[in-house]
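Report on the following structure.
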Amino acid sequence: MAIPICGPKLSLCCLIISVWGVVMLGLLGVFFRIQSPALAEDIPINKDEWAQTQYQYSYIVEKYNQNSTNCFVAAGAYVGVFAISFIMWRVNKRADYTMS
């Protein structure tokens with residue numbers, strides 16, 4: 001029998017927060033990938049690097065794609081948190097049934 005790392009309330013809370021994180025970061029990654037103008041202020045533009053590329057648009061596209069990839073990686077981390085939280089929730093649920 002598996003030993004729970006966290007209690008049933010904490011595992012359920014982490015489960016819900018991780019679902020929200022996957023949805024939010026997944027959508028944010030998609031919007032960065034399609035280069036949404038609303039997110040233009042959130043891209044990390046280094047003015048010196050941009051000047052070295054002679055103010056080419058490809059530099060901006062690269063930064064949008066970098067942010068998009070970062071969002072997808074963070075969403076993947078939330079998938080891992082979801083998996084662990086789901087397993088702990090099931091372990092706690094099973095432990096409650098065996099105790100009663």
Given the conditions (1) modelled with pLDDT of 95 or more; (2) of a type outside the set (D, E, K, R); (3) open to solvent by less than 50 Å² (accessible area, probe 1.4 Å), every one holds for M88 apart from (1)
Some residue of the range 65-84 being surrounded by fewer than 12 Cβ atoms within 10 Å (Cβ to Cβ) and either in contact with a helix residue (DSSP H, G or I) (Cβ under 6 Å, 6 or more places away or on another chain) or hydroxyl-bearing (S, T, Y) (or both) | no
Only one of (1) of a type in the set (S, T, Y); (2) modelled with pLDDT under 95; (3) assigned to a helix (DSSP H, G or I) does not apply to T69, and that is (2)
Scanning the range 22-55 for residues that are open to solvent by 90 Å² or more (accessible area, probe 1.4 Å) and part of a loop (DSSP other than H, G, I, E, B), which turns out nearest to F72 (Cα to Cα)?
-> I34
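The values are calculated or read from the model by the stated rules, or taken from the named source; none is laboratory data. Just so it is clear, the structure is predicted and the values come from calculations on it, not from any experiment. So basically every Cβ, Gly included, is an ideal-geometry build from the backbone, and we count neighbours across all protein chains shown. Accessible surface areas use protein heavy atoms only, side chains included; no ligands, DNA or RNA. Shrake-Rupley method; radii C 1.70, N 1.55, O 1.52, S 1.80 Å.
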